[in-house]
Amino acid sequence: ELFLESLAIKERGMQPTHPSVAVTLNGLANVYRELGRFAEADSLYRRALEIREGAVGPDDPTVRETLGDWARMLRAAGRDAEAVELERRLEGA
(Lines give C-alpha, C1' and ligand atoms only; values in the text may rest on other atoms or scores of the structure.)
Protein backbone atom coordinates (compact mmCIF):
# COMPACT_ATOMS: atom_id res chain seq x y z
CA GLU A 1 0.00 0.00 0.00
CA LEU A 2 2.85 2.39 0.79
CA PHE A 3 4.45 1.75 -2.59
CA LEU A 4 1.13 2.60 -4.27
CA GLU A 5 0.88 5.83 -2.30
CA SER A 6 4.48 6.71 -3.07
CA LEU A 7 3.95 6.01 -6.76
CA ALA A 8 0.83 8.19 -6.86
CA ILE A 9 2.67 11.07 -5.17
CA LYS A 10 5.66 10.79 -7.49
CA GLU A 11 3.52 10.55 -10.60
CA ARG A 12 1.64 13.71 -9.56
CA GLY A 13 4.74 15.68 -8.65
CA MET A 14 7.31 14.53 -11.19
CA GLN A 15 7.64 13.78 -14.84
CA PRO A 16 6.46 10.21 -15.55
CA THR A 17 9.96 9.40 -16.81
CA HIS A 18 11.80 10.60 -13.69
CA PRO A 19 14.25 7.98 -12.34
CA SER A 20 12.62 8.19 -8.92
CA VAL A 21 9.37 6.93 -10.44
CA ALA A 22 11.30 3.94 -11.79
CA VAL A 23 12.67 3.16 -8.31
CA THR A 24 9.16 2.97 -6.93
CA LEU A 25 7.86 0.98 -9.91
CA ASN A 26 10.64 -1.57 -9.48
CA GLY A 27 10.01 -1.82 -5.73
CA LEU A 28 6.28 -2.30 -6.22
CA ALA A 29 6.95 -4.90 -8.91
CA ASN A 30 9.14 -6.80 -6.43
CA VAL A 31 6.29 -6.82 -3.91
CA TYR A 32 3.88 -8.12 -6.54
CA ARG A 33 6.41 -10.77 -7.56
CA GLU A 34 6.62 -12.01 -3.98
CA LEU A 35 2.81 -12.11 -3.78
CA GLY A 36 2.61 -14.11 -7.01
CA ARG A 37 0.87 -11.27 -8.83
CA PHE A 38 3.00 -11.80 -11.90
CA ALA A 39 0.93 -9.93 -14.51
CA GLU A 40 1.01 -6.77 -12.42
CA ALA A 41 4.71 -7.16 -11.68
CA ASP A 42 5.46 -7.72 -15.35
CA SER A 43 3.91 -4.44 -16.48
CA LEU A 44 5.67 -2.50 -13.71
CA TYR A 45 9.07 -3.98 -14.57
CA ARG A 46 8.50 -3.00 -18.19
CA ARG A 47 7.76 0.59 -17.21
CA ALA A 48 10.69 0.77 -14.80
CA LEU A 49 13.09 -0.60 -17.40
CA GLU A 50 11.88 1.83 -20.06
CA ILE A 51 12.35 4.79 -17.72
CA ARG A 52 15.75 3.66 -16.49
CA GLU A 53 17.14 2.92 -19.94
CA GLY A 54 15.91 6.28 -21.17
CA ALA A 55 17.30 8.18 -18.20
CA VAL A 56 20.68 6.53 -17.65
CA GLY A 57 21.33 4.25 -20.62
CA PRO A 58 21.37 0.48 -20.95
CA ASP A 59 24.62 -0.16 -19.05
CA ASP A 60 23.68 1.48 -15.76
CA PRO A 61 23.52 -0.70 -12.61
CA THR A 62 19.89 0.32 -12.03
CA VAL A 63 19.00 -1.13 -15.44
CA ARG A 64 20.77 -4.35 -14.48
CA GLU A 65 18.80 -4.39 -11.22
CA THR A 66 15.48 -4.24 -13.05
CA LEU A 67 16.57 -6.85 -15.60
CA GLY A 68 17.57 -9.23 -12.80
CA ASP A 69 14.41 -8.66 -10.78
CA TRP A 70 12.25 -9.11 -13.86
CA ALA A 71 14.07 -12.31 -14.84
CA ARG A 72 13.45 -13.70 -11.34
CA MET A 73 9.75 -12.91 -11.71
CA LEU A 74 9.61 -14.61 -15.10
CA ARG A 75 11.26 -17.72 -13.66
CA ALA A 76 8.79 -17.77 -10.77
CA ALA A 77 5.93 -17.46 -13.27
CA GLY A 78 7.28 -20.40 -15.30
CA ARG A 79 8.20 -18.17 -18.24
CA ASP A 80 11.72 -19.53 -18.56
CA ALA A 81 12.29 -18.65 -22.22
CA GLU A 82 11.58 -14.99 -21.52
CA ALA A 83 13.78 -15.08 -18.43
CA VAL A 84 16.66 -16.44 -20.52
CA GLU A 85 16.40 -13.45 -22.85
CA LEU A 86 16.74 -11.02 -19.96
CA GLU A 87 19.57 -13.04 -18.43
CA ARG A 88 21.43 -12.87 -21.73
CA ARG A 89 21.08 -9.11 -21.66
CA LEU A 90 22.58 -9.14 -18.18
CA GLU A 91 25.52 -11.24 -19.33
CA GLY A 92 26.17 -8.91 -22.24
CA ALA A 93 26.11 -5.77 -20.13
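The values are calculated or read from the model by the stated rules, or taken from the named source; none is laboratory data. Owing to the predicted nature of the structure, the values given are computational and were not obtained by experimental measurement. Glycine gets a Cβ as well: all are built from the backbone with ideal geometry, and neighbour counts include every protein chain shown. In case anyone asks, the SASA skips ligands and DNA or RNA and just uses the protein heavy atoms, side chains included. Shrake-Rupley method; radii C 1.70, N 1.55, O 1.52, S 1.80 Å.
Details
- Taking every C-alpha pair closer than 8 Å and separated by at least 6 residues, the mean separation divided by the residue count of the chain gives a relative contact order of 22 percent.
- Highest-first arrangement of 43-49, 79-85, where packing means the average Cβ count within 10 Å: 43-49, 79-85
- For the chain, with all protein chains in place and a probe radius of 1.4 Å, 54% of the accessible heavy-atom surface sits on carbon or sulfur.
- Surface per residue (accessible, 1.4 Å probe) for region 6-90, Å²: 53
- Between the C-alpha center of region 43-93 and that of region 14-33 there is a gap of 13 Å.
- Gyration tensor verdict on the chain (Cα atoms; rounded if a/c is under 1.5, prolate if a/b is larger than b/c, oblate otherwise): oblate
- Estimated [θ] at 222 nm from DSSP helical runs (n ≥ 4, -39500 (n - 2.57)) normalised by residues in the chain, nearest 500: -27000 deg cm²/dmol
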